[in-house]
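K.L.:
Encoded as structure tokens, here's the structure I'll be asking about.
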Amino acid sequence: MATIYDGQVQRYNSVARALHWILAILIIGNLAGGLLHDALEGVVEVMPIHKATGLLILALTVFRIVWRLTNRPPPLPGHVHGLERTAAQAAHAGLYALMLVMPLTGWIFSSAGKWPLSFYGLFDVPKLPFTKGDPIVGAAHEGHEILGWVFLALIVLHIAAALRHHFVLKDNVLRRMA
């Protein structure tokens, strides 16, 4: 993610920033939909939107990973080192892993269902070759639910760290993604 110099702030490029914020909105919305779908039953059909958005998140995440591998991110400020640097790298790796695993586990157990997997009513997405009795389907469903909470916790940690950098440390870490 080629660095753009904005005064003293080395920022992510516009594609990286757009992908970050688009995915952030989609993921937070999808987590909310997944957590609230039972409460909203009978009010709104959440799951078709949840499933389609999960597939969109998966596609955008693959693109984002390719983009990140071909465009270097700006370096962390020099004062970020040791445990804090390691924690940031681990958190980002976890976020990327969950951006892949969450949609994949959802796709696996949705593929075993009787309903087509529609992408916002535009077209049906091919189902993966799993059936309701396959052990991986149950594991994917259980993992999807548990990892949703892990994902939420990691997002809260990510936001808290960004806000700490901005308001407590008063460095430019948050502005790199603005």
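K.L.:
Between Leu35 and Glu142, 0.36 nm times their residue separation minus their Cα-Cα distance comes to what?
P.N.:
Residue separation times 0.36 nm, minus the Cα-Cα distance, leaves 37.2 nm.
K.L.:
For Ala93 and Leu169, FRET efficiency with R0 = 30 Å and r from the beta-carbon atoms, rounded to 0.05?
P.N.:
0.85
K.L.:
Same structure, new question: Report the paramagnetic label zone for Phe119: residues of the stretch 51-82 whose backbone N is under 19 Å from a point 7 Å from Cα along the Cα-to-Cβ axis.
P.N.:
Inside the label zone: 51-67.
K.L.:
For the stretch 4-177, compute Rg over Rh where Rg is the Cα radius of gyration and Rh is the Kirkwood radius from the inverse mean 1/r over Cα pairs.
P.N.:
Using Cα coordinates only, the ratio equals 1.02.
K.L.:
Set Lys and Arg Cβ to +1 and Asp and Glu Cβ to -1, take the dipole of the chain about its Cα centre, and tell me which of Gly94, Leu58, Asn172 lies farthest positive.
P.N.:
Asn172
K.L.:
For the stretch 24-124, take the alpha-carbon Rg, divide it by the Kirkwood Rh, and send me Rg/Rh.
P.N.:
Here Rg/Rh amounts to 1.08.
K.L.:
Taking H placed 1.01 Å from N in the peptide plane, check which residues at least 5 places from Val125 or on another chain put their amide H under 5 Å from its amide H.
P.N.:
Here the answer is Leu117, Ser118, Phe119, since their amide H atoms fall under 5 Å of that of Val125.
K.L.:
Treating only the Cβ of Lys, Arg, Asp and Glu as charged (+1, +1, -1, -1), what charge dipole size does the stretch 4-177 show about its Cα centre? Round to the nearest 20 debye.
P.N.:
700
K.L.:
If the chain between Ala162 and Ala24 were fully stretched, how many nm would it gain, using 0.36 nm times the residue separation less the Cα-Cα distance?
P.N.:
48.3 nm
K.L.:
Based on DSSP H assignment, which helices of the chain show an axial Cα extent of at least 27 Å together with a mean Kyte-Doolittle hydropathy greater than or equal to 1.6?
P.N.:
14-36
We did not get these values from a lab; they are worked out from the coordinates using the rules stated. Small disclaimer: the values here were computed from a predicted structure and weren't measured. Note that we place each Cβ from the backbone using ideal geometry, even for glycine, and neighbour counts take in every protein chain shown.
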